[in-house]
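Read through the structure below, which is laid out as structure tokens, and then see the notes.
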Amino acid sequence: MNQALTVNDLTVRYGNGCSYCRDISNPLDKNRCPHCKSVWAVRNISFELYPSEILGIVGESGSGKTTLLRSLYFDIPATSGAAYLSGYSDGLVDIMGVSSQQKRIIRNSLLGMVYQNPTQGLLMDYSSSGNVAQKLIAAGSRNVGSMQDRANELLEHMQIPLGRVKEPPKQFSGGMQQRVQISKAIANNPPVLLLDEVTTGLDLSVQAKVLDLIRSVQKKLNIAIIIVSHDLAVIRMLSDRTIVMLDGGIVEHGLTDQIMEDPQHWFTQTLVHSLI
């Protein structure tokens, strides 16, 4: 099976690094070099995402999971490493090394991103349908009628009443804002959707509704999803496979059921036992 996304040795470092911390075999103080004090927010991360798969990434605050996701969406520059999308040059070109213009094309056509804070992904004073149209325009759409139809279709699927699609997201609840963000993120049918802590801060009933909608979107579009969370219950509900991150690195990975039933790393064991 061809991978939807392949990530090889992705690293995000703050600081110049030194001979000690550049050697992956040397331990760090959490994710900070004890010698040069450089911070390795993400350190030599490699994984594969398959078509129509939901991959969960779980870890505590500061583990690097959000930095990893945002580097894949080009919000944060990667220090080193490579990533390949099957939808871009048949997966043969490292998207981390392409021009800023090509990165914009990839962001607008091949990736969707839903942020924990909706203000990062939405224009809060624009209409909800206008937010979806913005993503369509960025990918080259110009037909106003078709863009409006597409926005209405997506927002209705996300259970935004059609009578409210002209309202700005700032007038919506947190759960509705996240649903508008998802509508915008999938506007161009991207093969890969990135979700960063999308249920954090929402009431449990609202969380459940958002998660159900994410699952329905994945089934309808056959989209591959990476979902980042500090909550293993969310990961258990959605993901096929799970990556566990700690201090910028991967400490465990495997099928979600396998990790839930037989966690190997002490940190994963702590997460799993917290659910019992």
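The values are calculated or read from the model by the stated rules, or taken from the named source; none is laboratory data. This one's a predicted model, so the numbers in the text were calculated from it and none came from an experiment. Note that we place each Cβ from the backbone using ideal geometry, even for glycine, and neighbour counts take in every protein chain shown. Please note that ligands, DNA and RNA were not included when accessible areas were found on the heavy atoms of the full protein model with its side chains. Shrake-Rupley method; radii C 1.70, N 1.55, O 1.52, S 1.80 Å.
Every listed requirement among (1) at pLDDT 95 or above; (2) assigned to a loop (DSSP other than H, G, I, E, B) is met by Pro27 save one, (1). Only one of the listed residues (Ser89, Ser71, Ser80, Ser109) is touching a Ser or Thr at 6+ places or on another chain (Cβ under 7 Å) and small (Gly, Ala, Ser). That residue is Ser80.
Go over the candidates Ala133, Ala151 one by one and state the one that is in contact with a helix residue (DSSP H, G or I) (Cβ under 6 Å, 6 or more places away or on another chain), open to solvent by 10 Å² or more (accessible area, probe 1.4 Å), among the hydrophobic types (A, V, I, L, M, F, W, C) and in a helix (DSSP H, G or I).
On the way: Ala151 fails: open to solvent by 10 Å² or more (accessible area, probe 1.4 Å).
That would be Ala133, the only listed residue that is in contact with a helix residue (DSSP H, G or I) (Cβ under 6 Å, 6 or more places away or on another chain), open to solvent by 10 Å² or more (accessible area, probe 1.4 Å), among the hydrophobic types (A, V, I, L, M, F, W, C) and in a helix (DSSP H, G or I).
Of the residues that make up the stretch 113-121, is at least one more than 25 Å from Gln218 (Cβ to Cβ), open to solvent by less than 40 Å² (accessible area, probe 1.4 Å) and not acidic (Asp, Glu)? No - not one qualifying residue is present in the stretch 113-121. Within the stretch 1-20, residues that are over 13 Å from Ala224 (Cα atoms) and in contact (Cβ under 8 Å) with a residue 24 or more places away in the chain sit with their Cβ atoms under 8 Å from residues that are of a type in the set (Val, Ile, Thr) and in a loop (DSSP other than H, G, I, E, B), at 6+ positions apart or across chains, in these pairs: Thr11/Thr79; Val12/Ile76; Val12/Thr79; Arg13/Thr79.
Is it fair to say Ser183 is surrounded by fewer than 19 Cβ atoms within 10 Å (Cβ to Cβ) and either assigned to a helix (DSSP H, G or I) or in contact with a helix residue (DSSP H, G or I) (Cβ under 9 Å, 6 or more places away or on another chain) (or both)? No, not satisfied. The single condition among (1) open to solvent by 30 Å² or more (accessible area, probe 1.4 Å); (2) in contact (Cβ under 8 Å) with a residue 12 or more places away in the chain that Pro168 does not satisfy is (1).
For the stretch 233-271, how many residues meet the condition of being open to solvent by less than 10 Å² (accessible area, probe 1.4 Å) and part of a helix (DSSP H, G or I)?
If we filter the stretch 233-271 for residues that are open to solvent by less than 10 Å² (accessible area, probe 1.4 Å), which is where we start, we get 234-235, 238, 242-245, 248, 256, 259, 268.
Filter once more, keeping what is part of a helix (DSSP H, G or I): 234-235, 238, 256, 259, 268.
Going through the stretch 233-271 one residue at a time, the tally reaches 6.
Within the stretch 1-24, the set of residues being of a type in the set (Phe, Trp, Tyr) and assigned to a loop (DSSP other than H, G, I, E, B) comprises just one member, Tyr20.
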